[in-house]
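The values are calculated or read from the model by the stated rules, or taken from the named source; none is laboratory data. Predicted model, so just to flag it, every value in this text is computed and none were measured. Quick reminder, even Gly has a Cβ in these numbers, built from the backbone with ideal geometry, and neighbours come from all protein chains shown. Note: accessible area is taken over every heavy atom of the protein model, side chains too, but ligands, DNA and RNA are not part of it. Shrake-Rupley method; radii C 1.70, N 1.55, O 1.52, S 1.80 Å.
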Amino acid sequence: MDDFHKTRRLPPYVFEQVNRLKAKARAAGADIVDMGMGNPDLPTPQHIVDKLVETVQNPRTHRYSASKGIPGLRKAQAGYYERRFGVKLNPDTQVVATLGSKEGFANMAQAITAPGDVVLVPNPSYPIHAFGFLMAGGSLRSIPANPGPELFDALERAVVHSIPKPIAIILCFPANPTASVADLDFYRDVVAFARKHEIYVLSDLAYSEIYFGDVPPPSILQVEGAMDIAVEFTSLSKTFSMPGWRMGFAVGNERLIAALARVKSYLDYGAFTPIQVAAAAALNGPDDCIRETRAIYKKRRDVLIDSFGRAGWDIPAPEASMFAWAPIPEQFRHLGSLEFSKLLIEKADVAVAPGIGFGEHGEGFVRLGLVENEQRIRQAARSIRKFFEEADSDSKELSKSDA
Ligand SMILES: Cc1ncc(COP(=O)(O)O)c(C=O)c1O
């Protein structure tokens, strides 16, 4: 398979190694608490499911749908942006519905990248942010994943030293995997920079509604002039617990949206119409289900940080997203994130995602998804505490016998 030009650019997922070990442990009867994947475990709210069931009864909805999304769905997404961010969007020219935001991102990369084009991608990053562009023939230059001064230094250096000049900057806040967040001032500076250098910005806002403080994550499109250079991706996967439905959006700059719509018109006929109708109902519907979901993730976050802390693993509390980005405890750091993750499965029945799977600068960390319930998070903390204690006494034995 590695003989093909495209597949050579897609190394086997690092996560596959952890997944294999997890499957093996489960087959042997282990009860693995799985915080490795970012796969939301909550059910989709009932009124959205009901809308799907009702719509699917109508045979007219069984035909090919509209590749860029049915008008009612694009209008619903524009309504969400206006309510939530105060951003006005033209549903016909500034909104495309995608088969999950991941598909939208990957096909946007296909649409705008010429061979050898340079793209500035956070490292560590959600894998499609890098591989979407690699598959499209682009080359990557890494930038820091946190929205601090180092990121701007890296951007300044990139425009001076990249040949050819970068075509796009990728941003993702609240971030997967680091859970870091950005404020509007940060986006203002990015937009000013990108406009000055005529570089596009692709912002991934998949966690727009999963936040734990008082200030909701902003949209880059709230910044004046952002529409000239930016598109933003959002998703129903986390907001409405609909990961399997595959429903997301790209919105913003008309040129980029038109390019994506063109590529998609060759590739797909859009999501199944009942899914689109139910997605519109989700966006137009009551938002108490969003608040409930947010509260559940927040509670899980609190339980995770507290119980793991008491087990001897200090993890910074994430302000948003579905993840905690955990530094590997000192005594295991020399192992690296992949070996440490394997050890956690073997010795503590807990699966996590190794930081290295998100890029070289993810080394030294593992990502914990808030996708298990509170009781199972506590169960994981207890096993981890036992594992740490055993590892501690093993190493004391070892140093005694060395002496
Ligand atoms: C940052 C980020 N973007 C996009 C996605 C994919 O979302 P979707 O289900 O809409 O494709 C994820 C999923 O984990 C994510 O973490």
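For region 46-284, pairs of C-alpha atoms spaced more than 25 angstrom apart make up 38 percent of the total. Mean sequence separation of contacting Cα pairs (under 8 Å, at least six apart), scaled by the length of the chain, corresponds to a relative contact order of 24 percent. A 1.4 Å probe run over the protein chains yields, for the chain, 46 Å² of accessible area per residue, whole-number rounding. The charge dipole of region 211-364, taken about its Cα centre with unit charges on the Cβ atoms of Lys, Arg (+1), Asp and Glu (-1) only, comes to about 400 debye.
Projecting the Cα atoms of Pro274, Asn146, Leu256 onto the charge dipole of region 46-284 (Cβ charges, centred on the Cα centre) puts Pro274 farthest toward the positive pole. Where does helix 374-402 land angle-wise versus the long Cα axis of the chain, in degrees 0 to 90, nearest 10? Once rounded, one gets 40 degrees. A crude spin-label estimate for the pair Leu343 and Glu150, with each label 7 Å from Cα along the Cβ direction, gives 2.4 nm. Between Arg157 and Asp31, residue separation times 0.36 nm minus the direct Cα-Cα distance comes to 40.5 nm. Comparing Cα centroids, region 208-276 and region 289-308 end up 25 angstrom apart.
With charges only on Cβ, +1 for K and R and -1 for D and E, what is the dipole size of the chain about its Cα centre, in debye, rounded to 20?
Here the size comes out at about 1060 debye.
Placing unit charges on each Cβ (+1 for Lys and Arg, -1 for Asp and Glu) gives the chain a dipole about its Cα centre, and among Ile229, Leu73, Met108 the Cα reaching farthest toward its positive end belongs to Leu73. Rounded to the nearest whole Hz, the Karplus-based 3J(HN,Hα) values (6.51 cos²θ - 1.76 cosθ + 1.60, θ = phi - 60°) of region 18-32 follow the sequence 5, 4, 4, 5, 4, 4, 5, 5, 5, 4, 8, x, 6, 9, 7, with x at glycine and proline. Here region 276-403 yields Rg over Rh of 1.10, to two decimals, using C-alpha coordinates and the Kirkwood radius. Couplings 3J(HN,Hα) for region 237-244, derived from phi with the Karplus relation 6.51 cos²θ - 1.76 cosθ + 1.60 (θ = phi - 60°), are 4, 9, 4, 10, 6, 10, x, x Hz, where x marks Gly and Pro. Bridge orientation summary for the chain: considering DSSP beta bridges with both residues in this region, about 50 percent are antiparallel.
For the chain, the calculated P(r) over all alpha carbon pairs, in 20 Å bins from 0 to the bin holding the longest distance, is 26, 56, 17, 1 percent. Apolar share of the accessible surface for region 46-284: 54 percent from carbon plus sulfur atoms, 1.4 Å probe. Among the listed pairs Lys6/Lys342; Lys102/Lys298; Lys51/Lys298; Lys88/Lys238; Lys102/Lys347, a Cα-Cα separation exceeding 32 Å is found for Lys102/Lys347. Here the Karplus curve 6.51 cos²θ - 1.76 cosθ + 1.60, taken at θ = phi - 60°, turns the phi angles of region 320-334 into couplings of 6, 6, 9, 10, 10, 9, 10, x, 5, x, 2, 5, 10, 4, 5 Hz, with x standing for Gly and Pro.
Packing-based ranking of 99-111, 369-381 yields 99-111, 369-381, ordered from highest to lowest mean Cβ neighbour count within 10 Å.
What net charge do the residues around Glu254 carry, taking every other residue with its C-beta under 14 Å from that of Glu254, with Lys and Arg at +1 and Asp and Glu at -1? Surrounding charge for Glu254 is +2. Between His5 and Arg63, the FRET efficiency from the beta-carbon distance, with R0 = 35 Å, is close to 0.45. When Ser180, Ser203 are compared by accessible surface with a 1.4 Å probe, the order from highest to lowest is Ser180, Ser203.
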